[in-house]
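Note sheet for the following structure.
Any read-out appearing in this document is the output of simple, stated calculations on the displayed coordinates, not a laboratory observation. Everything numeric in this text was worked out from a predicted model, so none of it was measured. FYI the Cβ positions are ideal-geometry reconstructions off the backbone, even for glycines, and counts take in every protein chain you see.
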Amino acid sequence: MIRVPSLLLAAALAAFGAVDPSARAQDAPRSDAANGQRIYLADGCFTCHGRSGQGGNYYGVTPILAKTQLPFEGFKMQVRNPVRVMPPYTEAVLSDKEAADIYAFLQTLPTGRAAKDIPALNN
Amino acid sequence: MPKRRNSPDVARRNFLKGAGLAGAAALTPAAAKAQVSAPKQNLKADVPGPKLIAVETLPPQKDPVTQTSSGGDFMVDVLKTLDFDYCVINCASSYRGIHESLINHGKNIKPEILTCPHEEIAVHMAQGYAKIDGKPLAMMCHGVVGLQHAAMALYNSWCDRVPVYVMIGNIIEANKRAPGVEWAHSAIDPAAIVRDFLKWDDQPTSLQHFAESAVRAYKIATTPPMAPVLISLDAELQENPIADPERLRIPKLSKVVPPQADAGAINELAKMLVAAESPVLICDRLARTGAGMTHLVELAETLQCAVVDVGGRMNFPSRHPLNQSFRRAAIDQADVILGLEMNDFWAAANSFTDRIERSSRSTSKPGAKMVTLGTRDYLIKSNFQDFARYQEVDLAIGGDGEASLPALTEAVKRLIDGGRKQAFEARGKKLGAAQLASLEQARAAATVGWDASPISVARLSAEVYNTVKDEDWSLVGTSTGNNWPRRLWDFKKPYSWNGGSGGGGIGYTLPASLGAALANKKHGRLTVAIGGDGDFMFAPGTLWTAAHHRIPMLYVVLNNRAYHQEYMYVLAMAGRRSRGVTDVDIGTTLKDPNIDYATVARGFGVHGEGPISDPAELGPALKRALAVVKSGQPALVDVVSEPR
C-alpha cells in the first residue's frame, strides 16, 4: 500500500550515501559502540529504524541503518537537522560523542544475507 | 399504530410490578411495625360504595396475557426477503420484540443471530463481511446506549464506503416508557448521533411504513457509493399484535444497476490515455466484485501502463508486471494520472511534510493531465472531513468505476494503432522489470534483522505467508504501517485482500477480520489476519464470538507492546522541543505488565500460541495454529515483534 504524501527518507539518505563510503567509519570521533547501542535503544532511534537497524515505517518507509553507508558527517547532519520528517536531535539531548557512539553501533549491525538463501522469502 | 395503553403485555407488567412492590413492602420491618402500631379506628367495615361494587361485580378490564400475532414477526418476514445471512447483535430490551421473533418465528435462519459482546464488534464484523461477500449483514442494538458503542465502527464503515444495515430499538411514545432506564434508553431522534456518517435512516411508525423503509434502506445501502443505513424500531411496533394483517404488504426489492460513466467522457479519457507516454492508473476502492480486478487488469494490459493500488480493495494482483504500487516515480513521472474510485486524490499528486511548518507541494509532472472516475463526488457530507483535500482535475467523470471500466477498455482498444501498440509493449517491458526489481528489493530488505528477537515485522509477515501460501488464503487485516504483506505476498484473487478500516478508528482489525472470516467460511477459504496489539485491546471479546460461533480464522498479533504510531508522533514532538525522548513511552506503550495474548485467547475458548519471541519458533507455532484453523476453529498466535 502506498502512502503517497511521504517521500522516502531513504532517498534523501541515499544521496548522502553517494559520498565516498570508504571515508565513513574513520571520520567519526573515537567512539563506544556499546554505549551507542544503549543510547540507540533508549533514545528512540529503534522506534523508526528497528533494533537491528532494519528500517521501519513512519510516513512511509524509514531507511535501513545497519552498516549505514553514510559518512559520519552526513549521519550527524541528518541527526541534527534532518530532512523530511525525522525528529531532530540537538546537542542539548545528544552530544557529538553520543552521536558517534550510535554511529559506531550501527557499523556493528549485520547487513542482511542473500534472500535466495532464506526459503520463506522465496515464495 | 397499536397503543401501549391497550397492550396486554405492558398492562401485565404493571400489574406484576405493583404486586411485587406490595409484597416487598409487606416484608420490610418498617411496614410490619406500622401495621402493629396503627390506630384502631373504624373497626366496623364501610358499606361498599358504587365504585367498589362495580370493581367487585363487573367483568375485568380487557387484559389478555397471550397474543397470536406480533409486529416483530412481520418485521422478520420483511428481513427474510432481503436475504440476510446473519444478524450480528448485542442483545437489548428495546428490541426484545423482534429478537424473540427472529428466534421463534424466523427459526434463527437467514438471518441467524450471532452474539457479539460489544456493538462496535458487531458493526466491524458487518464491515469486514460485506467487503468479502458483497452484501450487508443485519446488525441490531439498543437505540441510545448501544448505538453510541457502535458509532466508531459505523464511522469506519462510512469512510470505507461499506453497506451496514443497522436496526436499533427505541420507545417512541413517552407515556409507554417504564420508569427508570427506559427513559434513559429512549430518544426523540436516536439516529442523530450517527447521522453524519449514515447514508439514510428512518424511524417507522407503522408496520407498513417499516416494510417500505426496510426495503428502501437495503436498496440505498447497496447502491454505489455504498454506506451504512439505520432503521429505528419502535418497541410498540415490534411487540404488539398486528392490528391489520390483511393490509400489510412487503414491497419487492429492485436494486439499482450501478451507473456507467457518460460515453462521451469515456471516449475523451480513452484518447488521453492512448496518447500519453506514461499514463498511470491509481485505484483505491475500485473493485466492488470479483469482476473489478479482471476489468482493471484488462485495461492496464491493453495500455501496458503502470497501476498504483492504494489498497482500499483488492484491485490489482500484487505481482502483476504492471503493478507499480511501491514506485512513487510511476505517479511523479506520469503525463496522465487517472484516479479510479479514489478517496484522496490530492495525496496522489502532492507531498506533505509534517514539520513545525507544515508544507506541501505538487509532485506531479508539470502539465500532467489529471482525471477522476468514480462515485466519490456523489456522497459527501459537511461535518466529518474524510473527503480529503480538494484536488483540481482536468476531467471529473461521474460513474461507478467498476461498471465503467469495460467501456473504457473498449474505447481504448478502438484507438490503438500499430505504432502505439509497439510503444505500449516497450513500456510494459520496462515496467515489468521495475516491478521485479521492487520485489527483489523488498526481499533483500527483509533479510536485515531476520534472526533477531523481537521478531522483525518483515520476518513475521514472511513466515505467515510461508505458512498459508499453499492454502486458498484471504488476508483480511494488517496492523498499522505494516506494508510487508503487500510487498512480499502474491495477492491474485478477488478475496486475497479486502482493504483497511476506512476511518483509521483503532479496534477495527480483529472484529472486521472475523466478519470477513465468516464470509470466507462458506467458501472454505483460509482467513488470515495480522493485527496490532493496540487494536486487539479495543475489542478482545471478539474472540469469544469466534469461538462460540466456530468461525475459523488465523489471527496473528503483531505485539510490539505499544501504540507505536503514537509513540513515534510523541517522539517527534520531543525532538522538535529538544527535551529528550527517553520518556516518550509514557502513555504510548502497553508494557508492565506485558500482555499475554495467547492466554487471553485461551480464556475466550480460542487456541492460543505464544508469546513467541524466538524467530525459530514462529514457523512451528504458525503451523500448529493453522491445523486448528483447518479443523474449523479460530486460533491466535502472539508474536513479540519489532515496532515496524
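Please compute the average number of Cβ atoms from other chains found within 10 Å of each residue's Cβ in peptide A:55-68.
Numbers: counts 9, 10, 11, 11, 8, 4, 7, 3, 1, 4, 1, 2, 1, 0.
Mean shielding by partner chains, rounded to a whole number: 5.
Look at the stretch B:474-487: the mean tally of other chain Cβ atoms within 10 Å of its residues' Cβ atoms is 2. To the nearest ten degrees, helix B:8-27 and the longest principal axis of the Cα atoms of chain B are 60 degrees apart. Full extension of the chain between B:A192 and B:K591 gives 139.8 nm of extra length, using 0.36 nm per residue less the Cα-Cα distance. Note on chain B: semi-axes of the ellipsoid equivalent to its C-alpha gyration tensor, largest first and rounded to whole Å, are 54, 31, 22.
Taking Cα atoms of segment B:288-379, Rg/Rh with Kirkwood Rh, to two decimals?
Details: Rg = 14.2 Å, Rh = 14.4 Å.
Rounded to two decimals, Rg/Rh equals 0.99.
Report note on the peptides B:280-290, B:376-386, B:443-453, B:297-307: ranked by the mean count of other C-beta atoms within 10 Å, highest first, their order is B:280-290, B:297-307, B:443-453, B:376-386. B:D400 sits among other residues whose Cβ lies under 10 Å from its own Cβ, and their net charge, with Lys and Arg +1 and Asp and Glu -1, is -1. Between B:E609 and B:L636, B:V637, B:D638, the built amide H atoms are under 5 Å apart, and every one of these is 5 or more places off in sequence or on another chain. Highest average first, the peptides B:85-92, B:179-186, B:48-55 ordered by how many other beta carbon atoms sit within 10 Å of their residues are B:85-92, B:179-186, B:48-55.
So how much slack lies between B:A423 and B:D244, counting 0.36 nm per residue of separation and subtracting their Cα-Cα distance, in nm? Don't jump to the answer; show the numbers that get you there.
Numbers: separation 179, 0.36 × 179 = 64.44 nm, distance 7.13 nm.
Contour length minus Cα-Cα distance gives 57.3 nm.
Axis of helix B:615-630 versus longest Cα principal axis of chain B: the two differ by about 50°, to the nearest ten degrees. A simple spin-label model places pseudo-atoms 7 Å from Cα toward Cβ; at B:D394 and A:T111 they are separated by 4.3 nm. Put the Cα centre of segment B:559-589 next to the Cα centre of segment B:161-177 and the gap is 42 Å.
Counting charges near B:V166 (Lys, Arg +1; Asp, Glu -1) among other residues having Cβ under 10 Å from its Cβ returns a value of -2.
Each of B:K623 and B:W183 was given a label point 7 Å from its Cα along the Cα-to-Cβ line. The distance between the two points is 6.5 nm.
Peptide B:565-577 is shielded by partner chain Cβ atoms: per residue, an average of 5 of them sit within 10 Å of its Cβ. Dividing the summed -39500 (n - 2.57) terms of all DSSP H runs of n ≥ 4 by the residue count of chain B sets its mean residue ellipticity at 222 nm at -12500 deg cm²/dmol.
The packing ranking of peptides B:367-373, B:150-156, B:71-77, highest mean first, is B:150-156, B:71-77, B:367-373, where packing means the average number of other beta carbon atoms within 10 angstrom of each residue. Annotation: amide H of A:V85 has no partner in the under-5 Å range at sequence separation 5 or more or interchain, hydrogens built in the peptide plane. Taking other residues whose beta carbon is less than 14 angstrom from the beta carbon of B:G580, and scoring Lys, Arg as +1 and Asp, Glu as -1, yields -2.
Across segment B:565-583, the residues whose backbone nitrogen lies under 20 Å from the label position 7 Å along the beta-carbon direction of A:E91 are B:575-581. Beyond 19 Å in Cα-Cα separation lie the following of the pairs A:K76/A:K97; B:K110/B:K521; B:K131/B:K493; B:K365/B:K421; B:K131/B:K381: B:K365/B:K421; B:K131/B:K381. Taking the centroid of alpha carbons for each part, segment B:412-483 and segment B:232-306 are 28 Å apart.
If R0 is taken as 35 Å, the Cβ-Cβ distance between B:R361 and B:S613 corresponds to a FRET efficiency of 0.25. For chain B, a crude dipole built from +1 on the beta carbon of Lys and Arg and -1 on the beta carbon of Asp and Glu, taken about the Cα centre, is about 400 debye to the nearest 20.
What does the extension gain come out to for B:D451 and B:R577, with contour length at 0.36 nm per residue minus their alpha carbon separation? Could the numbers behind the result be given before it?
Working: separation 126, 0.36 × 126 = 45.36 nm, distance 3.60 nm.
Length gained between B:D451 and B:R577: 41.8 nm.
For Cα pairs less than 8 Å apart in space and 6+ apart in sequence, what is the mean separation divided by the residue count of segment B:529-644, i.e. the relative contact order in percent? Working shown, then result.
Working: 189 pairs, mean separation 42.0, N = 116.
Computed over segment B:529-644, the figure is 36 percent.
Rounded to whole numbers, the Karplus 3J(HN,Hα) couplings from phi for segment B:402-415 are 4, 5, 8, 4, x, 5, 5, 4, 5, 5, 5, 4, 5, 9 Hz, using 6.51 cos²θ - 1.76 cosθ + 1.60 with θ = phi - 60°, and x at Gly and Pro.
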